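The values are calculated or read from the model by the stated rules, or taken from the named source; none is laboratory data. Here the structure is a predicted model, which means the values were calculated and not measured. Cβ atoms come from the backbone with ideal geometry, glycine included; neighbour counts cover every protein chain shown.
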Amino acid sequence: MSIFVDETTTVVIQGVSPTSQGLYHGLRNRDYGTKVVAGTNPRRGGEVIEGIPVFASVKEAVEATGATASFISVPPPHAAAAIEEAAEAGISFVVCITEGIPAQDEARTYNRLVQEFPRTRLLGPNCPGIISPGKCNIGITSGDIAMPGGPVGIVSRSGTLTYQALHELSQQGVGQTTCVGIGGDPVPGTNFIDCLAAFEADPDTRAVMMIGEIGGSEEERAAEYIAANLTKPVVSYVAGVTAPPGRKMGHAGAIVSGSQGTAQAKMDALSAAGVTVALNPTEAGERMVEIVKALP
Amino acid sequence: MTENENETENETENEERIAVDLYEYQGKQYFARFGIPTSPGGVADTVDEAVVQADAAGYPVVVKAQVKVGGRGKAGGIKLAADAAEARRHAEAILGMDIKGHVVHRLWVEHASDIAREYYASFTLDRPAKLHLGMLSAEGGVEIEEVAATNPDAIARLHVDPVRGIDRGAVADWVERAGLDEAARAQATDLLVELYRCYVDGDCDLAEINPLILTTDGRVHALDAKVTLDDNASFRHPEWAEYAATESEDPREVMAKEKGLNYIGLSGTVGIIANGAGLAMSTLDVVNQVGGSAANFLDIGGGANADVMAAALEVINADPAVRSIFVNIFGGITRVDEVAKGVIEALARVDLRSPIVLRLDGTNADAGRALLAPHLSDRLLSEPTMLDGARRAVALVGS
């Protein structure tokens with residue numbers, strides 16, 4: 001099994017045109033085997049682009065194709081509205097990779113989803129997406145570096161480190177159930193705890209790798225959750241031990257201020273929760289391989 | 001003043017990202033857009049201008065250094081002046097003053113207030129709660145972290161649902177809970193509603209007033225302003241262009257900014273280039289773990305074409321402290337063979353002072369390494385993993 005997306009997931013790409021990012025990634029996802037069933041574009045309803053039927057709205061796309069998931073990579077000024085349009089149309093899993101959405105828009109959209117569309121889960125924004133190897137890939141992750149069959153679930157706040165984690169495991173012959181990139185924005189639709197809970201409930205996931213980053217307190221909260229709820233082994237790596245304090249390093253979420261949110265504080269909290277904490281991505285891969293080999 | 005603004009514009013023509021922390025005077029001007037009362041005052045870049053502003057504000061005045069660092073008062077950067085002669089003396093002393101490494105180039109001169117009480121007020125995002133958070137305290141004028149640590153009950157909190165927005169009745173209750181003086185409550189309630197509007201409609205990450213004061217003649221207004229703008233929202237705030245001053249005094253960062261690179265200067269000897277902020281941070285960590293120190297943080301983003309790579313190498317090459325360079329690229333969508341071609345082309349364009357270690361991994365890594373093979377030398381090395389690459393780059397520092 002896998003979490004959030006699998007071989008039954010059907011995807012609508014929001015904002016397709018022959019030159020859009022959405023189409024580019026959507027076609028890559030389709031090549032991987034993802035069931036891409038529709039696209040949307042208010043000015044191109046009725047067209048077929050690269051074999052993908054285009055509808056004027058998500059609502060029409062869902063009515064015609066029964067799509068269950070959507071993929072959004074539209075520019076920041078339009079992204080929040082696109083997420084809400086998907087939720088209004090009944091989409092249950094929305095992946096938004098758009099980087100640079102204003103925090104005020106994110107906060108408002110997140111709360112609107114929680115209040116009005118509790119059955120819609122948002123992944124992102126500003127995330128690489130999700131891949132259940134061999135079944136479904138929504139986003140920008142390269143399918144080549146993932147390996148089907150489990151038993152490891154991956155959840156990560158950082159884009160390139162997500163790839164790094166997949167690569168480290170696949171190279172050692174250790175597969176993944178699902179790899180979720182939650183993104184580093186201030187108000188992520190899906191957080192570590194959501195993924196940890198889903199991995200705990202998934203019988204095929206037998207160990208979890210968690211990649212964190214400086215800033216915020218999500219890793220500390222995840223540590224508390226792991227201590228109280230997880231029966232499966234967790235290996236973690238937190239990037240940014242040597243990051244200079246008080247500087248933004250490209251991610252809105254990765255801000256260090258004072259002693260709060262430092263990589264060290266996060267690693268300490270995770271260690272105290274019984275998590276195997278590695279000092280770099282390679283070591284995290286090695287620890288996970290050892291754990292998987294020792295599984296009964 | 002006009003002259004100086006023109007200068008600022010010229011300097012920042014190529015600026016893409018906008019400085020997010022506003023100076024006090026900018027914060028006060030931002031507050032004014034939303035009807036939040038502040039003391040009458042003006043900006044001065046010279047001693048003569050300071051006296052003109054002081055005359056206009058009305059004595060006594062306060063002459064305040066405009067630097068983005070705390071502890072201005074203790075450093076002598078905030079002075080009270082009873083008349084023009086005193087304002088001139090203070091302006092002379094403060095302009096050019098070095099406050100914790102920040103040189104004062106600009107003053108804010110405002111009419112001095114007769115303070116009866118000092119409060120604290122702010123709005124920011126409570127990330128764990130995913131709601132907006134207002135904080136209000138009757139014990140303002142000091143570091144709020146100190147109040148939070150020693151007397152947490154002295155801070156009244158108000159969570160605001162971003163969908164529903166703020167409710168004036170809830171704000172009035174909040175003001176009462178915080179224990180603001182009776183005389184200040186109605187005005188403070190109005191001001192806080194405006195502060196929330198400034199925070200939301202003004203796309204602030206933080207809108208903070210410390211101190212918010214009650215004057216002896218019963219008026220409530222902002223005596224300081226700390227505003228941090230969310231640069232992601234700059235597309236809907238053309239008026240923010242005036243804040244796009246060159247912030248950095250680090251020549252490496254200025255150069256990187258001109259080339260549109262996400263660069264932060266550090267004090268070490270290993271120049272770092274990586275794709276993705278997470279991988280770049282991780283590269284710093286690994287270099288540190290194997291006994292080295294990074295000269296910089298540099299994220300060249302998802303792709304790694306020859307132009308971006310050449311620009312990155314030029315910036316690193318210009319840093320005299322750099323003794324070796326570690327390029328750490330993980331090819332996902334951008335395949336490693338494409339990255340390798342970009343690196344080879346970039347190396348042909350830039351005459352590097354330091355040896356360079358490449359770690360190229362990910363999709364098509366074997367093809368990429370094969371492309372690099374004929375170019376390898378004791379000045380251009382390739383390592384298969386991040387750790388090996390970091391070790392090699394650190395070893396080269398001493399060579």
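Filter region B:269-300 down to residues that are small (Gly, Ala, Ser) and within 9 Å of chain A (Cβ to nearest Cβ) and give me whichever is nearest to the chain's Cα centre (by Cα). Explain how you work it out, then say what you get.
Keep residues of region B:269-300 that are small (Gly, Ala, Ser), which gives B:271, B:274, B:276-278, B:280, B:282, B:291-295.
Within this subset, residues satisfying the condition of being within 9 Å of chain A (Cβ to nearest Cβ) are B:274, B:276-278, B:280, B:282, B:293-294.
Values: B:ALA274: 22, B:GLY276: 20, B:ALA277: 17, B:GLY278: 19, B:ALA280: 20, B:SER282: 22, B:SER293: 24, B:ALA294: 21 Å.
Residue satisfying both the conditions and the ranking: B:ALA277.
May I ask you to list the residues in region B:324-341 that are of a type outside the set (S, T, N, Q) and surrounded by 21 or more Cβ atoms within 10 Å (Cβ to Cβ)?
The initial filter retains those residues of region B:324-341 that are of a type outside the set (S, T, N, Q), namely B:325-327, B:329-333, B:335-341.
The answer is B:ILE325, B:PHE326, B:VAL327, B:ILE329, B:PHE330, B:GLY331, B:GLY332, B:VAL336, B:VAL339, B:ALA340.
Tell me which residues, restricted to region B:184-209, are over 17 Å from B:GLY141 (Cβ atoms), of a type outside the set (Gly, Ala, Ser) and within 14 Å of chain A (Cβ to nearest Cβ).
Of the residues in region B:184-209, the ones over 17 Å from B:GLY141 (Cβ atoms) are B:185-187, B:189-190, B:192-207.
Retained after the next criterion (residues that are of a type outside the set (Gly, Ala, Ser)): B:185, B:187, B:189-190, B:192-201, B:203-206.
Across region B:184-209, the qualifying residues are B:TYR196, B:ARG197, B:CYS198, B:TYR199, B:VAL200, B:ASP201, B:ASP203, B:CYS204, B:ASP205, B:LEU206.
Could you tell me which of the residues B:LEU372, B:LEU396 is outside any loop (DSSP other than H, G, I, E, B) and within 21 Å of B:GLY331 (Cα to Cα)? Give the steps one after another, and end with the answer.
Numbers: B:LEU396 fails: within 21 Å of B:GLY331 (Cα to Cα).
Of the residues listed, the single one that is outside any loop (DSSP other than H, G, I, E, B) and within 21 Å of B:GLY331 (Cα to Cα) is B:LEU372.
For region B:242-332, list the strands (runs of 3 or more DSSP E) that sit wholly inside it and hold at least 2 residues that are farther than 30 Å from A:SER170 by Cβ; which are they? Full working, then the answer.
Working: elements: B:262-265, B:270-274, B:296-299, B:324-331.
The qualifying strands (runs of 3 or more DSSP E) are B:262-265.
Go through the residues of region A:133-156 one by one and say whether even a single one is basic (Lys, Arg) and either more than 12 Å from every other protein chain (Cβ to nearest Cβ) or free of Cβ contacts under 8 Å to residues at least 60 places away in the same chain (or both). Break it down stepwise before answering.
Going residue by residue through region A:133-156, those that are basic (Lys, Arg) are A:135.
After this cut, where a residue has to be either more than 12 Å from every other protein chain (Cβ to nearest Cβ) or free of Cβ contacts under 8 Å to residues at least 60 places away in the same chain (or both) as well, the list is A:135.
Yes: one or more hits.
Condition check: under 21 Å from the mean Cα position of the chain (by Cα) and either closer than 26 Å to B:ARG369 by Cα or not assigned by TED's automatic domain parsing to the domain that holds B:ILE356 (or both). Does B:ASN317 satisfy that?
Details: under 21 Å from the mean Cα position of the chain (by Cα): no; either closer than 26 Å to B:ARG369 by Cα or not assigned by TED's automatic domain parsing to the domain that holds B:ILE356 (or both): yes.
Against the criterion (under 21 Å from the mean Cα position of the chain (by Cα) and either closer than 26 Å to B:ARG369 by Cα or not assigned by TED's automatic domain parsing to the domain that holds B:ILE356 (or both)), B:ASN317 does not qualify.
Checking B:ILE155 against (1) surrounded by fewer than 20 Cβ atoms within 10 Å (Cβ to Cβ); (2) more than 12 Å from chain A (Cβ to nearest Cβ); (3) more than 24 Å from B:GLY70 (Cα to Cα); (4) in contact with a strand residue (DSSP E or B) (Cβ under 7 Å, 6 or more places away or on another chain), which single condition isn't satisfied?
Here B:ILE155 clears every test but (3).
Just the residues that are closer than 16 Å to B:THR189 by Cα, in a loop (DSSP other than H, G, I, E, B) and of a type in the set (Ser, Thr, Tyr), please, taken from region B:113-147.
Once the filter is applied, which keeps residues that are closer than 16 Å to B:THR189 by Cα, in a loop (DSSP other than H, G, I, E, B) and of a type in the set (Ser, Thr, Tyr), region B:113-147 yields nothing.
So is B:LEU387 at pLDDT 90 or above, of a type in the set (A, V, I, L, M, F, W, C) and not in a helix (DSSP H, G or I) or not? Show your work before the answer.
Details: at pLDDT 90 or above: yes; of a type in the set (A, V, I, L, M, F, W, C): yes; not in a helix (DSSP H, G or I): no.
No, not satisfied.
Which condition number in (1) in contact (Cβ under 8 Å) with a residue 12 or more places away in the chain; (2) over 28 Å from B:GLU49 (Cβ atoms); (3) in contact with a Phe, Trp or Tyr (Cβ under 8 Å, 6 or more places away or on another chain) is the one that B:LEU125 fails?
Single failed check for B:LEU125: (3).
Take B:GLY265 and tell me if it is surrounded by fewer than 24 Cβ atoms within 10 Å (Cβ to Cβ), in contact (Cβ under 8 Å) with a residue 24 or more places away in the chain and within 10 Å of another protein chain (Cβ to nearest Cβ).
Details: surrounded by fewer than 24 Cβ atoms within 10 Å (Cβ to Cβ): yes; in contact (Cβ under 8 Å) with a residue 24 or more places away in the chain: yes; within 10 Å of another protein chain (Cβ to nearest Cβ): yes.
So B:GLY265 passes the test.
For region B:318-373, how many residues meet the condition of being more than 27 Å from A:ASP144 (Cα to Cα) and either within 14 Å of another protein chain (Cβ to nearest Cβ) or among the polar types (S, T, N, Q) (or both)?
Looking only at that region, the number is 2.
Please verify whether region B:210-229 includes one or more residues that are hydroxyl-bearing (Ser, Thr, Tyr), under 22 Å from the mean Cα position of the chain (by Cα) and facing chain A (nearest Cβ under 10 Å). Step through it out loud before you land on a result.
Keep residues of region B:210-229 that are hydroxyl-bearing (Ser, Thr, Tyr), which gives B:215-216, B:228.
Applying the additional criterion that residues be under 22 Å from the mean Cα position of the chain (by Cα) yields B:228.
With the extra rule that they be facing chain A (nearest Cβ under 10 Å), the set shrinks to none.
For region B:210-229, residues hydroxyl-bearing (Ser, Thr, Tyr), under 22 Å from the mean Cα position of the chain (by Cα) and facing chain A (nearest Cβ under 10 Å): absent.
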